[in-house]
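Note sheet for the following structure.
The values are calculated or read from the model by the stated rules, or taken from the named source; none is laboratory data. Nothing here was measured: the structure is a model prediction, and the numbers come from that model. Neighbour counts run over all protein chains shown; Cβ positions are idealised from the backbone, glycine included. Side chains are part of the model used for accessible areas, which takes the heavy atoms of the whole protein and leaves out ligands, DNA and RNA. Shrake-Rupley method; radii C 1.70, N 1.55, O 1.52, S 1.80 Å.
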Amino acid sequence: MGLFEKKFCDICGEKIGMLGNRKLEDGNMCKDCAKNLSPWFDDRRHSTVEEIKKQLKMREENRRLAASFRPGRVIRSERHNLYVDEGQQLFAVSANLDREDNPDILSLSLITGCSMDVEEDRTEEYWTNSDGEDVSYNPPRYRYIYDYYLHIYLNHPYIDDMKLRLNSGEISEEERNRLLDVERAGQEMRGYIQSVTGCMPGGMGMNNGGMNMRMQPGMGMNGQNMGMQPGMGMNGQNMYPNMSMQGGMAAAAGGMTAGFAGNDAEEGPWVCPSCGTSNTGRFCENCGNPKR
């Protein structure tokens, strides 16, 4: 009987329709009230009714800030942009800063840190034999795609981490100019935030359980800035082993490539058939082509 019992929103008091319930820690919320929550808020199920009411009150007060927000500085990426009102020391991150959507307008003083992650995914490529079967190459060949994220960490009542995806869609290894443009936008955002807030840069992101290690470009193991160019690893090698220097990313000559699944270089020297360079790693040091 409890499964079909009518529920009422503990925020607005209205009856909650079928499939419209949004569970809270100690109550229920309708989907209409949920739409007014911050898009950067991701802990609804562990929030109390009182905490949600406080957030919605702050979100209404935010509309006044959004109306007076005048960004004089805008740093754009393919997807999310950083907007800064330097006169009021306020910022927002949004795709288009549509004030009807009530974007969160936040004080720069709330920022405690920022970092950039480059996430790589690889898919094995196959060839089709005479029987119509998909067969692995020897050695295996892979297609690599990348996603760029900027994290802004906050000391805020309901937002801890604003995770901005910088590219609008997946970026393949062949789109070298696009990779460079997206990385440049992320580095510019991070550099500006650090310069105006004095916050410490983020370090290396690791998920040891799944070995999902993501090295932020130019950052050391303990989060110190090692003075390297974007895309460079701990020993100065490039962290994008299968991209050429012409696309803004140099090929790795061994060394550390933590965070990228293509780090399975084979032993023994070989000569790249494309440019004639002698190599020892899995990818050509000159043009970035993988060892075939």
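A few comments on the model shown:
- Prolate/oblate/rounded label for the stretch 72-171 (Cα gyration tensor, a/c 1.5): prolate
- Applying the Karplus relation 6.51 cos²θ - 1.76 cosθ + 1.60 with θ = phi - 60° to the stretch 139-154 yields 3J(HN,Hα) values of x, x, 10, 9, 10, 10, 10, 10, 10, 10, 10, 10, 9, 10, 9, 10 Hz, where x marks Gly and Pro.
- Of the whole protein surface, Glu100 contributes about 150 Å² of accessible area at a 1.4 Å probe radius.
- For Ser168, net neighbour charge (Lys/Arg +1, Asp/Glu -1) across residues whose Cβ lies under 11 Å away: 0
- Distance in nm between pseudo-label sites at Asp26 and Asp98 (7 Å out along the Cβ direction from Cα): 3.6
- Placing R0 at 25 angstrom, the Cβ-Cβ distance between Arg59 and Phe8 gives a FRET efficiency of 0.70 after rounding to 0.05.
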